[in-house]
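Coordinate-derived values only; no laboratory data. Just so it is clear, the structure is predicted and the values come from calculations on it, not from any experiment. Every residue, glycine among them, receives a Cβ derived from its backbone with ideal geometry; neighbour counts consider all protein chains shown.
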Amino acid sequence: MNKDSEFILSEANRCLLCKNAKCQMKCPINTEIPEVIKLYREGEVHKAGEILFKNNPLSAICSIICPHENQCKGNCIKGIKGEPIEFYEIENYISEEYLKNLSFEPEKKLKDRIAIVGSGPAGITIAFILAQKGYKVTIFEKNEKIGGVLRYGIPEFRLPKNILDRIQELLIQLGVKIRPSTLIGPVLTIDKLFEDGYKAIFIGTGVWNPRKLNIKGESFGNAHYAIDYLKSPSVYNLGKKVVVIGAGNTAMDSARTAKRHGADDVTIVYRKGFEDMAATKHEIEEAKEEGIKFELYKAPLEIVDEGLILRETEKVVNEKGESKIIDKEGSEALYECESIIIAISQAPKNVIVVNNAGFMTANGLLVTHKGQTTREGVFASGDVVTGSKTVVQAIADAKIVAEAMDEYCNKLNSINNDI
């Protein structure tokens with residue numbers, strides 16, 4: 001038994017197997033944590049892996065990138081007076097072992113075709129569910145490989161891409177067809193997909209348009225958007241001193257990636273404090289350990305050739321205990337750097353909406369009711385509906401939409417049979 005498996009077993013043995021497990025209750029996808037650990041302790045690794053995969057086809061990925069401190073780990077009863085169980089480590093070990101040995105026989109296909117536009121977490125989840133129900137599934141992906149934000153928005157050092165390659169192999173085993181480098185919207189339209197016989201269409205195109213700072217100099221050559229940078233960091237020449245604006249996991253990923261690609265001095269600028277950051281504590285600590293600096297209570301005012309003009313901010317608390325951030329007038333100063341990466345969230349590109357009629361949007365996001373868009377037969381979920389959320393939430397929502405799509409197709413078939 002190697003060190004890793006020894007650690008996993010020791011963690012599993014520490015678990016109390018709570019009947020009303022808070023760790024499971026706080027998991028957005030309701031992973032059966034006590035049952036999985038019980039099976040693992042009994043040597044039933046395959047059964048444990050099967051439960052994880054059926055509940056969440058991307059359990060191997062979620063075990064790595066979920067904000068565990070807010071979910072399973074953060075709600076473990078053992079953590080009240082000691083160290084919480086690191087279930088995500090157990091989940092990762094079991095899930096990767098299961099994926100290694102998993103294989104599918106092509107299912108007997110139903111007559112219905114399903115189109116999945118976008119192969120991020122939501123699209124992959126729906127492809128697995130509907131392919132296993134016997135649908136003829138085709139994934140349309142605008143990039144060269146599947147994965148969406150998992151492949152092009154999360155760096156390799158956080159999420160090894162060989163997991164996505166294995167997931168693609170399994171989808172192909174199930175008979176899923178994948179069309180890479182194919183953009184749905186301007187050429188292949190929604191109408192064309194329906195004309196070709198697709199019974200239902202799923203849109204899971206994510207959020208790939210960066211949010212602007214709306215400050216002067218944002219179009220200068222030394223300014224870049226994080227969502228673009230993380231796709232292909234090796235093609236950027238950022239120089240030795242870099243500033244990242246933002247405080248989410250994308251900002252941390254961008255800063256750590258810049259360090260790995262030659263920047264000696266990388267600083268994250270944020271208008272609030274550590275306690276207000278959207279990034280997980282784990283990601284913040286890892287950034288600190290890698291030498292990332294932080295300029296807190298500083299707001300960007302203007303991008304110039306020499307760097308970034310910042311204004312100091314401060315947190316003020318009123319009599320009710322409510323706090324807000326205010327600018328300190330007259331505190332402007334130049335922070336010299338060679339490049340600036342802007343990481344303050346993303347929005348949908350809406351290529352499909354612009355080129356196809358019948359869709360309603362709100363704040364740029366697709367409007368849906370139980371997964372159904374305002375266009376008949378077209379469903380959507382994930383970040384293109386909710387805005388940027390966690391991967392596990394996108395998977396949880398996608399499971400509901402997959403069942404809605406199955407119900408929709410069955411209802412249509414029933415109507416057609418009665419005619």
For the stretch 15-30, Karplus-derived ³J(HN,Hα) couplings (6.51, -1.76, 1.60; θ = phi - 60°; whole Hz; x for glycine and proline) come out as 5, 8, 6, 4, 6, 10, 5, 5, 4, 5, 4, 8, 7, x, 10, 6
Output for the stretch 189-290: chymotrypsin sites (Phe, Trp or Tyr not before Pro) sitting in coil per DSSP, at most 16 other Cβ within 10 Å, listed by number, reads Phe220
So what is the relative contact order of the stretch 210-346, in percent, for Cα pairs below 8 Å that sit 6 or more residues apart?
-> 34
For Rg and Dmax of the Cα atoms in Å, calculated from these coordinates, the label among (1) 24.4, 83; (2) 23.2, 75; (3) 19.7, 63 | (2)
Decide, for the stretch 344-419, between rounded, prolate and oblate: order the square roots of the alpha carbon gyration tensor eigenvalues as a ≥ b ≥ c, take rounded if a/c falls under 1.5, and otherwise choose prolate if a/b is larger than b/c, else oblate.
-> oblate
Taking the chain as the reference, fit the longest principal axis to its C-alpha atoms, fit the long axis of helix 45-55 to the helix C-alpha atoms, and give the angle between the two in degrees, 0 to 90, nearest 10.
-> 80
Helix 87-101: inclination vs the chain longest Cα principal axis, degrees, rounded to 10, gives 50
Mind checking which of Asn318, Asn162, Asn355 has the largest fluctuation in a GNM of the chain, springs on alpha carbons under 10 Å?
-> Asn318
Residues listed by number, the stretch 183-212, amide nitrogen under 18 Å from Ala278 label point at 7 Å toward C-beta | 205-212
Listed peptides 79-86, 383-390, 140-147 by packing density, highest first (mean Cβ within 10 Å) | 383-390, 140-147, 79-86
Ordering 254-263, 24-33, 165-174 by per-residue average of other C-beta atoms within 10 angstrom, highest first, gives 254-263, 24-33, 165-174
In percent, what relative contact order does the stretch 3-101 have, based on Cα pairs under 8 Å that are 6 or more apart in sequence?
-> 33
Using θ = phi - 60° and the Karplus relation 6.51 cos²θ - 1.76 cosθ + 1.60, list the HN-Hα couplings for the stretch 346-355 in order, rounded to whole Hz, with x at every Gly or Pro.
-> 9, 9, x, 7, 6, 4, 5, 4, 5, 9
Measuring from the longest principal axis of the C-alpha atoms of the chain, the long axis of helix 121-132 (C-alpha) lies at a number of degrees, nearest 10, equal to 10
Greater than 31 Å apart at Cα, pairs in Lys38/Lys199; Lys108/Lys231; Lys78/Lys288; Lys19/Lys54; Lys54/Lys293; Lys81/Lys161 | Lys38/Lys199; Lys108/Lys231; Lys54/Lys293; Lys81/Lys161
As straight-line cross-link partners of Lys212, the qualifying aspartates and glutamates (C-alpha separation under 14 Å, not fewer than 8 residues apart within one chain) are Asp228, Glu302
Past the 28 Å Cα-Cα mark, which pairs from Lys136/Lys411; Lys73/Lys399; Lys73/Lys241; Lys26/Lys399; Lys298/Lys320; Lys259/Lys389?
-> Lys73/Lys241
Reference-scaled alpha-carbon Rg (2.2 N^0.38 Å with N residues) for the stretch 3-101 = 0.96
Cleavage-rule hits (trypsin sites (Lys or Arg not before Pro)) in the stretch 285-358: DSSP loop, at most 14 neighbouring Cβ within 10 angstrom | Lys320, Lys328
In the stretch 354-419, which GluC sites (Glu not before Pro) are in a loop and have at most 16 other Cβ atoms within 10 Å, using DSSP for the loop call?
-> Glu376
Amide hydrogen neighbours beyond the local backbone of Thr189, cut-off 5 Å, H modeled = none
By how many nm would the segment from Leu16 to Glu338 lengthen if fully extended, with 0.36 nm per residue of separation less the alpha-carbon distance?
-> 110.7 nm
Once the piece of chain linking Ile77 and Val187 is laid out straight, how much longer is it, given 0.36 nm per residue of separation minus the C-alpha distance between them?
-> 34.2 nm
